[in-house]
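Student: One structure coming up, written as structure tokens, with questions to follow.
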Amino acid sequence: MSDDSHMHCCNDADNNTDNSNADSTDLTGLRARIAQAVRDVKAQTPLAQSFTNFVTINLVANAQLAAGGTAAMSFLPDDVVNTAWISGADYINVGTLLPFYKDALPQIARAFRKTGHKWVLDPVAAGIGKTRTEILRAFRAAPPTIVRGNASEIIALATMWGLISPDEASRPAGVESVDEVDAAVDAAKTLAVFLAKFAPNGQAAVAVSGAVDLVTDGEHVYRLPGGSAMMAKITGAGCSLGGVTATYLAVAEPLVAALAATLLYNRAGEIAEAKAEGPGSFQVHLLDALWNLTPEQIADSAIL
Ligand SMILES: Nc1ncnc2c1ncn2[C@@H]1O[C@H](COP(=O)(O)OP(=O)(O)O)[C@@H](O)[C@H]1O
Ligand SMILES: Cc1ncsc1CCOP(=O)(O)O
Ligand SMILES: [Mg+2]
């Protein structure tokens, strides 16, 4: 794929092609599967285990509980691998790294690959730092089932895996995106196709967050509007969205899990914004909304 195709991914014709896939028959079935995933999580309280960063670990666990799942955090490879048999899916987030993670994280990924265990990767700050790059590169040989990140992270990961050509218009960011979601369409689709080759049942998904989120299984591209700009004013909206994506992945196929979690977050963000007086109360109301939203409210949301 050329630099050019990457940069010019988002003209109207491309958008129309993407949207034409989301015809009403497909969407009706998809919405039913999303609602069922939300119901299944509430009924089954599945465990999604996390190896995640120190900044937002508490919000990740609370969000998974609020969505109806169960949380367990660990940083020991043997602990994580042994617990995988009771964890419906795992979540790995590389936001804060320690030197031993360089061996621990690829070791865990290889163990998951061996057993076909499903997991979600949040490649926080992809492209920044030698150790982070080494770890993310190592995941290429034992990839996740879902990658969830902001646009800059998705572009950086697809570039370091050699799936797209380096794009001079994009550069590695910190934890915040410097790219628009639409700049990551090609990267996301290419990444999803790559993940699917390794995935249990050949199914995978990529979720790109931002003002209008994007979810793809490599073939179909869905745009999910809504949410709140306040979500970028608390730390961990993206990380906890990744954790909740793993919660849904415990009970559902990757595309459905990524859509369900993203829709839930968009609706919860809107409710929290209407009630909050600032970032502190926004986080409290976000958790309450994650808890209170119904399967129908989530599944009937706008999908473009
Ligand atoms: N400007 C915005 N408007 C509406 N929702 C947003 C906006 N920015 C981020 N979000 C939402 O915040 C959540 C986290 O996304 P994002 O901030 O992109 O993740 P990260 O924290 O990993 O960079 C997602 O649910 C996304 O939809
Ligand atoms: C601030 C920060 N620093 C390292 S990880 C992290 C949290 C990032 O959280 P999110 O990507 O959800 O905003
Ligand atoms: Mg993030």
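The values are calculated or read from the model by the stated rules, or taken from the named source; none is laboratory data. None of the values given here were measured: they were computed from a predicted structure. Reconstructed Cβ throughout: ideal geometry from the backbone, glycine too, with neighbour counts over all protein chains shown. When the accessible area is computed, the model is the full protein with side chains, heavy atoms only, and any ligands, DNA or RNA have been set aside. Shrake-Rupley method; radii C 1.70, N 1.55, O 1.52, S 1.80 Å.
Student: As a check on your grasp of the helix formula, calculate [θ] at 222 nm for the chain: sum -39500 (n - 2.57) over DSSP H runs of n ≥ 4, divide by the residue count, round to the nearest 500.
Tutor: -16000 deg cm²/dmol
Student: Still on this structure, I have one more. Determine the percent antiparallel among the DSSP beta bridges restricted to segment 3-299, to the nearest 5.
Tutor: 25 percent
Student: Treat each spin label as a single point 7 Å out from the Cα along the C-beta direction, and report the Phe100 to Asp26 distance in nm.
Tutor: My value for the distance between the label points is 4.6 nm.
Student: Which order, highest average first, do 219-228, 133-142, 254-263 follow once you tally other Cβ atoms within 10 Å for each residue and take the mean per peptide?
Tutor: The packing order, highest mean first, is 254-263, 219-228, 133-142.
Student: Right, another one. Under 5 Å between amide H atoms, partner at least 5 residues away or on a different chain: which partners does Ala72 have, H built in plane at 1.01 Å?
Tutor: HN-HN under 5 Å from Ala72: Ala48, Ser50.
Student: Still on this model: Hey, can you rank 98-110, 177-189 by average C-beta count inside 10 Å, highest first?
Tutor: 177-189, 98-110
Student: Shape call for segment 120-228 from the C-alpha gyration tensor, a ≥ b ≥ c root eigenvalues: rounded (a/c under 1.5), prolate (a/b greater than b/c) or oblate?
Tutor: oblate
Student: Moving on. Could you look at the chain and say what percent of its accessible area is carbon and sulfur, using a 1.4 Å probe and all protein chains?
Tutor: Roughly 54 percent of what the probe reaches on the chain is carbon or sulfur.
Student: Ranked highest first by average number of other Cβ atoms within 10 Å, how do 239-247, 43-51, 29-37 line up?
Tutor: 239-247, 43-51, 29-37
Student: Can you tell me, using C-alpha contacts under 8 Å and at least 6 residues apart, the relative contact order of the chain as a whole percent?
Tutor: 22 percent
Student: Keeping all protein chains in place, calculate the accessible area per residue for segment 3-299 (probe 1.4 angstrom), answer in Å².
Tutor: That works out to 39 Å² for each residue.
Student: Turning to a different aspect of this structure: Expressed as a whole percent, how much of the Cα-Cα distance distribution for the chain exceeds 38 Å?
Tutor: Result for the distance tail: 5 percent.
Student: In the chain, how many lysine pairs have Cα atoms under 16 Å apart, counting only pairs 8 or more places apart or on different chains?
Tutor: Counting lysine pairs in the chain gives 5.
Student: Follow-up question, since we're still on this one. For segment 147-217, build the charge dipole from Cβ charges (+1 Lys, Arg; -1 Asp, Glu) around the Cα centre, then report which of Ala151, Ala192, Val181 sits farthest towards its positive end.
Tutor: Farthest towards the positive pole: Ala192.
Student: Can you figure out the FRET efficiency of Phe75 with Arg140, using R₀ = 22 Å and their beta-carbon distance, to the nearest 0.05?
Tutor: Computed FRET efficiency for Phe75 and Arg140: 0.45.
Student: Ok, one more. Dipole magnitude of segment 3-299 about its Cα centre, charges +1 at Lys/Arg Cβ and -1 at Asp/Glu Cβ only, in debye to the nearest 20?
Tutor: Value, rounded to 20: 1040 debye.
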